Amino acid sequence: MAPSSSSSSWIPTRTTLRRRTQAPKPSSAPALDAADDASSSDEEYDDVCCQECGSGKSPAKLLLCDKCDRGYHLFCLRPILVAVPKGSWFCPCCSSKQNKLKYSQRKRKRSGSLVMSKKKRKLLPFNPSEDPERRLEQMRSLATALIASGTQFRDELTYQPGGAPRSANRAALEKGGMQVLSKQDAETLNMCKRMMDRGECPPLMVVFDPTEGFTVEADRFIKDWTIVTEYVGDVDYLKNREDDGGDSMMTLLSAADHSKSLVICPYKHGNIARFINGINNHTPEGRRKQNLKCVRYSVNGECRVLLIANRDIPKGERLYYDYNGDEYEYPTEHFV
């Protein structure tokens, strides 16, 4: 802001000039007396006018923008300024542009962090029960169910004579493509396998229900996004099992060429996934019971099926997933 002066030929002071060093030089300027030669370089600022009222009067109240050098009377601004602000000052136009730029940068940064947050969400390994005796009890419950169903324990896909060979299990054949298990998630899956080899099983208990038959409960808290188990069994072509009436057959590969589609049949060989029940997805009550999701991944070019917690699961809650996934071909109206 210019200082007050009683002279009609006011000349800006050096303090004011500091804010006007970038102001455009007028095409013409009034002549100055010889006594004013020392300030001749300041003449170019004498015709600055207020952008609001268009007047150059009251120069003592004229404030210049530190970015565009346009002038504004203190009393013409809204809200009115009573004094020159300390530090830099920007006119309403420049201030608005700066705020929009800052908002845009904050918005891009925020949305970018959300994207990164989603990308960083990784599968979690199951957390075995700490008490060895409790783990033995869990394994005994599974052994009871396996014996009762005539199933031999296996914790990986098996390829039997007469069924589909391992060479048929190619994720590249998946209709529409299959999501690839990341390197970090693959290591998490391998960690689960190593824990199983050490006798550190998932914290699950197989129980018998007179209505549902054998079913599985969480034997300790299971965090959202945890690998609960892999769905395993004998691999066969779907065309060989189209008349199979079993309710535990699982899609492994849904190929564009129907004759190459594969299924998992856990009747002769399987693990605890064999006893995790499906939901009745025809009722809201049934859908609310779902706490696992069945996901098919490409792991080193082969199809694998994982059952993953899709929310936090408290101890004692029974596990359910949707048999159909996105296919909606299996009838579940009779599920309890």
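The values are calculated or read from the model by the stated rules, or taken from the named source; none is laboratory data. These numbers were taken from a predicted model, which means no experiment stands behind them. Quick reminder, even Gly has a Cβ in these numbers, built from the backbone with ideal geometry, and neighbours come from all protein chains shown. Heavy atoms of the whole protein, side chains included, go into the accessibility calculation; ligands, DNA and RNA do not. Shrake-Rupley method; radii C 1.70, N 1.55, O 1.52, S 1.80 Å.
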Practice problem: With a 1.4 Å probe and every protein chain left in place, tell me how much accessible area residue 264 has, in Å² to the nearest 10. | Solution: 0
Quiz prompt | Accessible surface, region 244-296, averaged per residue in Å² (probe 1.4 Å) | solution = 39
Quiz prompt | Residue-count net charge about residue 163 - beta-carbon cut-off 13 Å; Lys, Arg +1, Asp, Glu -1 | solution = +1
Exercise. Convert each backbone phi in region 193-205 into a coupling constant with the Karplus relation 6.51 cos²θ - 1.76 cosθ + 1.60 (shift: θ = phi - 60°), then list the ³J(HN,Hα) values in order as whole Hz, x for Gly and Pro.
Key: 5, 5, 5, 4, 4, 8, x, 9, 7, x, x, 10, 10
Quiz prompt | Distant-in-sequence amide H partners of residue 163 (H built 1.01 Å from N, under 5 Å) | solution = none
Quiz item: Taking the alpha-carbon set of region 227-328, what are its Rg and Dmax in Å?
Solution: 13.9, 43
Practice problem: Name the long-range amide H neighbours of residue 126: under 5 Å, sequence gap of 5 or more, or other chain; modelled H, no Pro or chain starts. | Solution: 227
Quiz prompt | Packing-based order for 202-209, 266-273, using average beta carbon neighbours within 10 Å, highest first | solution = 266-273, 202-209
Self-check item: Under the Karplus curve 6.51 cos²θ - 1.76 cosθ + 1.60, θ = phi - 60°, whole-Hz ³J(HN,Hα) for region 156-166, x wherever Gly or Pro sits
Solution: 8, 5, 10, 10, 9, x, x, x, 6, x, 4
Quiz item: R0 = 51 Å: FRET efficiency of residue 257 with residue 58, Cβ-based, nearest 0.05?
Solution: 0.05
Quiz item: Of 122/183; 193/223; 193/260; 183/268, which sit over 22 Å apart, Cα to Cα?
Solution: 193/260; 183/268
Practice problem: Using amide H atoms built 1.01 Å from N in the peptide plane, name the residues 5+ places from residue 158, or on other chains, whose amide H lies under 5 Å from its own. | Solution: 233, 234, 235
Exercise. Rounded to the nearest 0.05, what FRET efficiency do residue 94 and residue 175 give with R0 = 35 Å and r taken as the Cβ-Cβ distance? Could you check?
Key: 0.05
Quiz item: If you plug each phi of region 49-55 into the Karplus form 6.51 cos²θ - 1.76 cosθ + 1.60 with θ = phi - 60°, what whole-Hz ³J(HN,Hα) values come out, in order, with x for Gly and Pro?
Solution: 10, 6, 6, 8, 9, x, 9
Quiz prompt | For residue 310, net neighbour charge (Lys/Arg +1, Asp/Glu -1) across residues whose Cβ lies under 14 Å away | solution = +3
Quiz item: What are the semi-axes of the equivalent ellipsoid of region 236-291, taken as the square roots of 5 times the eigenvalues of the Cα gyration tensor, listed largest first and rounded to whole Å?
Solution: 24, 15, 10
Quiz item: By the scheme Lys and Arg +1, Asp and Glu -1, what is the net charge of all other residues having a beta-carbon under 12 Å from that of residue 257?
Solution: +3
